[in-house]
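Step one of this worksheet: look at the structure below.
The values are calculated or read from the model by the stated rules, or taken from the named source; none is laboratory data. Quick caveat: nothing in here was measured; it's all calculated off a predicted structure. A quick note on method: Cβ atoms are made from the backbone with ideal geometry, for glycine too, and the neighbour counts reach across all protein chains shown.
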Amino acid sequence: MSPVSLHYREYGAGEDAIVLLHGLFGSSANWGAVARSLSARHRVVVPDLRNHGRSPHVAEMDYPAMAADVAALCESLGLDRPLIVGHSMGGKVAMCLALSRPQRVRGLGVVDIAPVAYDHDFGAILDGFEAVDPAHLETRAQADRRMAAHVPDPRVRAFLLQNLVRDADGWRWRLNLAALRAGMARITGFDCPGGASYPGPAHFIHGERSDYLLPAYKPRIRELFPAATFCRVADAGHWVYAERPEGFMRCLRGLLDAAGMP
């Protein structure tokens with residue numbers, strides 16, 4: 001299938017470009033603070049991945065397709081070998097892009113994820129989304145109450161409800177929930193046919209309190225990314241860059257230095 005045309009936000013200017021990729025159920029808005037910080041010296045492009053944010057809804061939801069979308073966006077914007085940084089699902093997209101098109105990636109930043117299949121169950125979250133019928137919704141607070149039966153953590157609900165928007169036709173979800181549910185096994189897995197490895201700089205940033213990047217995963221990481229380095233952010237969970245932004249930026253500077261982008 002042909003790549004889809006992704007909606008994106010752009011910050012800063014310059015020859016050296018950085019592309020930031022969000023995670024599952026997220027959007028380009030998640031990277032706003034990091035993008036603004038990086039834009040002082042670099043051109044920063046932050047897309048909404050397919051079936052998320054303002055990007056198109058399509059049935060196909062796998063990493064080769066998502067990587068092709070990002071590659072097409074980079075080509076359309078004239079980004080010459082950008083640095084690709086992705087969090088969680090976006091990190092898997094970034095890895096797939098680097099493995100399938102290594103000559104087009106200057107360096108790789110992978111945030112709290114590994115190139116492995118996870119057994120995480122997002123069924124309750126999807127049930128929470130589907131418990132909210134936008135056609136019969138009056139207020140955002142009403143949506144929060146309906147979702148709470150499936151998603152008890154108010155912080156998680158607040159993040160998820162960023163996807164609920166209201167326009168002239170009423171409330172709607174920006175997410176393509178049907179495609180995400182149908183593709184969940186591919187999202188939690190990592191099926192990315194491509195080259196044997198990516199030889200460029202690859203910096204794996206992970207939270208000290210997160211279980212997404214375990215020591216057992218490092219041999220597989222080094223097999224695919226022989227130049228891999230690791231940076232742990234103290235007292236951070238899975239949402240590394242939001243929970244400990246200063247620690248995250250210190251780690252990211254290591255990748256910028258390795259890629260020759262001070």
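Taking the criterion of being of a type in the set (D, E, K, R), in contact (Cβ under 8 Å) with a residue 24 or more places away in the chain and surrounded by fewer than 19 Cβ atoms within 10 Å (Cβ to Cβ), would at least one residue in the range 210-217 satisfy it?
No, there is no match, as no residue in the range 210-217 is of a type in the set (D, E, K, R), in contact (Cβ under 8 Å) with a residue 24 or more places away in the chain and surrounded by fewer than 19 Cβ atoms within 10 Å (Cβ to Cβ).
Would you please name the residue that is nearest to Leu224 (Cα to Cα), looking only at residues in the range 98-123 that are touching a strand residue (DSSP E or B) at 6+ places or on another chain (Cβ under 6 Å) and aliphatic (A, V, I, L, M)?
Residue satisfying both the conditions and the ranking: Ala98.
Can you pull out the residues in the range 112-140 that are crowded, with 18+ Cβ neighbours inside 10 Å, within 22 Å of the chain's Cα centre (by Cα) and among the hydrophobic types (A, V, I, L, M, F, W, C)?
If we filter the range 112-140 for residues that are crowded, with 18+ Cβ neighbours inside 10 Å, which is where we start, we get 112-115, 125-126, 128-129, 132.
Among the residues that remain, those that are also within 22 Å of the chain's Cα centre (by Cα) are: 112-115, 125-126, 128-129.
Once the filter is applied, which keeps residues that are crowded, with 18+ Cβ neighbours inside 10 Å, within 22 Å of the chain's Cα centre (by Cα) and among the hydrophobic types (A, V, I, L, M, F, W, C), the range 112-140 yields Ile113, Ala114, Ile125, Leu126, Phe129.
Find the residue count for the range 220-261, including only residues that are touching a residue at least 40 places away in the same chain (Cβ under 8 Å), farther than 23 Å from His42 by Cα and surrounded by fewer than 19 Cβ atoms within 10 Å (Cβ to Cβ).
1
Inside the range 1-49, can you point out the residues that are of a type in the set (D, E, K, R) and in contact with a Phe, Trp or Tyr (Cβ under 9 Å, 6 or more places away or on another chain)?
Within the range 1-49, Arg9, Arg36, Arg43, Asp48 meet the criteria.
Give the residues of the range 151-173 that are of a type in the set (D, E, K, R) and crowded, with 18+ Cβ neighbours inside 10 Å, sorted by residue number.
To start, the set of residues in the range 151-173 that are of a type in the set (D, E, K, R) comprises 153, 155, 157, 166-167, 169, 172.
Once the filter is applied, which keeps residues that are of a type in the set (D, E, K, R) and crowded, with 18+ Cβ neighbours inside 10 Å, the range 151-173 yields only Arg157.
It is to be established whether one or more residues within the range 25-47 are in contact with a strand residue (DSSP E or B) (Cβ under 7 Å, 6 or more places away or on another chain), within 22 Å of Ala185 (Cβ to Cβ), in the same structural domain as Gly194 (by TED's automatic domain parsing) and at pLDDT 95 or above.
Of all residues in the range 25-47, those in contact with a strand residue (DSSP E or B) (Cβ under 7 Å, 6 or more places away or on another chain) come to 28, 31, 34-36, 38-39, 42-47.
Restricting the remaining residues to those that are within 22 Å of Ala185 (Cβ to Cβ) gives none.
Looking through the range 25-47, none of the residues is in contact with a strand residue (DSSP E or B) (Cβ under 7 Å, 6 or more places away or on another chain), within 22 Å of Ala185 (Cβ to Cβ), in the same structural domain as Gly194 (by TED's automatic domain parsing) and at pLDDT 95 or above.
Kindly indicate the residue of the range 60-75 that is charged (D, E, K, R) and touching a residue at least 12 places away in the same chain (Cβ under 8 Å) and also surrounded by the fewest Cβ atoms within 10 Å (Cβ to Cβ) among those meeting that condition.
Glu60
Residue-wise test of (1) of a type in the set (A, V, I, L, M, F, W, C); (2) at pLDDT 95 or above; (3) closer than 13 Å to Cys192 by Cα.
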site: Lys92; (1), (2), (3): no, yes, yes
site: Gln103; (1), (2), (3): no, yes, no
site: Ala117; (1), (2), (3): yes, yes, yes
site: Gly123; (1), (2), (3): no, no, no
